[in-house]
Amino acid sequence: MASNDIDLSVTVWCKSSYSNGTGGDCVEVAAGLPGIVPVRDSKTPHGPVLMVAACAWDSFITTLKEPVQQSS
């Protein structure tokens, strides 16, 4: 997906709830763009943005929320 066709200058970014108090080691995502979820490193807000298909992002988040199965 070509990210240079999308204007992110007015995008509202949401930082991960797992962010530490100093803002390090975090990702930010932006909502409200049809069909895509922009993702960036909060430490470099003017750096590159990864554009993820919304269906792939939903699958990723669903997988993260699944309980970890312990092997016996």
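The values are calculated or read from the model by the stated rules, or taken from the named source; none is laboratory data. Fair warning: this is a prediction, and the values are worked out from it, not measured in the lab. Positions of Cβ are backbone-derived with ideal geometry, glycine not excepted, and every protein chain shown enters the neighbour counts.
Worth pointing out:
- Conditions (1) out of contact with any strand residue (DSSP E or B) (no Cβ under 6 Å at 6 or more places or on another chain); (2) hydrophobic (A, V, I, L, M, F, W, C); (3) surrounded by 12 or more Cβ atoms within 10 Å (Cβ to Cβ); number of the one not met by Cys55: (3)
- Of the candidates Gly23, Gly35, the single residue that is at pLDDT 90 or above and on the phi > 0 side of the Ramachandran plot is Gly35.
- Within region 1-20, the set of residues being β-branched (Val, Ile, Thr) and modelled with pLDDT of 90 or more comprises just one member, Val12.
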